[in-house]
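Single-structure report; data block below.
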Amino acid sequence: MVLRTFGWSFAVTALGLVAAVFYGGWAAFGVVAILSVLEISLSFDNAVVNAGIVRKMNAFWQRIFLTIGILIAVFGMRLVFPVVIVAISASLGPIEAVDLALTDRDRYQELVTDAHPSIAAFGGMFLLMIFLDFIFEDRDIKWLGRLERPLAKLGKVDMLSVCIALIVLLITSVTFATHAHLHAGPADKAATVLLSGVAGLITYLVVGGLSGYFEDKLEEEEEREHEAEEQAERTGRKRPAIALAGKAAFFMFLYLEVLDASFSFDGVIGAFAITNDIVLMALGLGIGAMYVRSLTVHLVRQGTLDDYVYLEHGAHYAIGALAVILLVTIQYEINEIVTGLIGVVLIGASFWSSVRRNKRLAAEGRSENEQPETASVA
């Protein structure tokens, strides 16, 4: 089972490390290995959230996620994306940007760092909306009950997540503008931060809205399908097929890719703390992305999210922490180790809480279906 799920990841790891040795010797081997571990540690929460979405897809779309999706994740976000942001920020053509990345690595890193505020604002707002929508939803199972119960009541207010996100963005852009003014920095960057944050918010609303719309339509069609199937059994006629399944799965896939893009921002930017060689960066982050994909599928196939019910909570709290970190890094530098550890600690705590909950239910002789409506550790 492990080989079946992680086989491609193991193969890509071997090829990537061998390619690194041929490209830059054992020093390059070490850099690629470090980058791979960095990407996995920073993106573990990504895998947990992805699993919650992928399990809603059928086998066909899960394969699409592992094939086309991984191409987008590895080559799009880990290779093309750093080149694109340099091309945009420096007003260069794609070929010129690639040439700059290969021939003038210091200047390339400088341009990527210069574009960081807009990248962090876009990704931070997208991830913040995911976190806010999660904590304001009233769920049967609660991890941190004392916190989540009042937040669920507040969540009944329409558009509360959007209002809070816009307030956070406004405070961030004003603070950045004030900081730039006091330190004689580029004031136009504050407007860029504001526009990028609004773009991240709009992207979430559009993609998430379409995904939710088609998912609701799919559920309606499944109910009709079930009724039609019962009627068909009585009459002996052939039952109809679900017409909207493809659209629903497509928009969930699109949502997944935008989500993965937002998660990868910190990994791509953090990679420059280790190397400014775009080839080594693509190899290391690409290997890490493969493991995130495989881990997502493993969580789905093993039903881990059903067995450890607080994992999804921990992952979303890690998303909230990452959103805040991205917005803070618009002005201040935060070590990537801190970013990675926060996610690992939150998910580890949620896993341990899930284990304790399962032991408690087993000791009380209750099954999963017999649990009380609200389960909490707080």
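A few comments on the model shown:
- In this calculation the C-beta distance from Trp8 to Ser91 is compared with R0 = 35 Å, giving a FRET efficiency of 0.35.
- For the listed peptides 292-300, 315-323, a ranking on the average number of other beta carbons within 10 Å per residue, highest first, reads 315-323, 292-300.
- Shown is the FRET efficiency for Asp138 and Ile68, computed with R0 = 22 Å from the Cβ-Cβ distance and rounded to the nearest 0.05: 0.05.
- Seen from Arg4, the other residues with C-beta closer than 14 Å to its C-beta sum to a net charge of +3, counting Lys and Arg as +1 and Asp and Glu as -1.
- Projecting the Cα atoms of Ile130, Pro150, Val98 onto the charge dipole of the range 87-165, computed from C-beta unit charges around the Cα centre, puts Pro150 farthest toward the positive end.
- Note, ³J(HN,Hα) from phi for the range 136-149, Karplus 6.51, -1.76, 1.60, rounded to Hz, x at Gly and Pro: 8, 8, 7, 10, 4, 9, 10, 8, 9, x, 5, 8, 6, 5
- One chain, two ends: Ile34 and Val344. Fully extended at 0.36 nm per residue, the span grows by 109.9 nm beyond their Cα-Cα distance.
- Reciprocal of mean inverse Cα separation for the range 106-170 (Kirkwood radius, Å): 13.7
- When each of the peptides 166-172, 326-332 is scored by how many other beta carbons lie within 10 Å of its residues on average, the order from highest to lowest is 326-332, 166-172.
- Phi to ³J(HN,Hα) by Karplus 6.51 cos²θ - 1.76 cosθ + 1.60 over the range 307-324, Hz, x for Gly, Pro: 7, 10, 6, 8, 4, 5, 4, x, 5, 6, 5, 5, 4, x, 5, 5, 4, 5
- In plain terms, the chain from Ala152 to Leu166 could stretch by 3.1 nm, reckoned as 0.36 nm per residue minus the Cα-Cα distance.
- Rounded to 0.05, the FRET efficiency of the Glu110 and Glu333 pair, given R0 = 22 Å and the Cβ-Cβ distance, is 0.90.
- In sequence order, the range 102-112 has phi-based couplings of 8, 10, 10, 5, 5, 5, 4, 5, 4, 5, 5 Hz under the Karplus curve 6.51 cos²θ - 1.76 cosθ + 1.60, θ = phi - 60°, and Gly or Pro positions carry x.
- Checked against a 31 Å cut-off, the cross-linked pairs Lys156/Lys359; Lys56/Lys153; Lys56/Lys359; Lys56/Lys142 give Cα-Cα distances beyond that limit for Lys156/Lys359.
Read the figures in this text as sums done on the coordinates, not as results from a lab. Given the structure is predicted, the values throughout are model-derived calculations rather than measurements. Cβ coordinates were reconstructed from backbone atoms using ideal geometry, including for glycine residues, and neighbour counts include every protein chain displayed.
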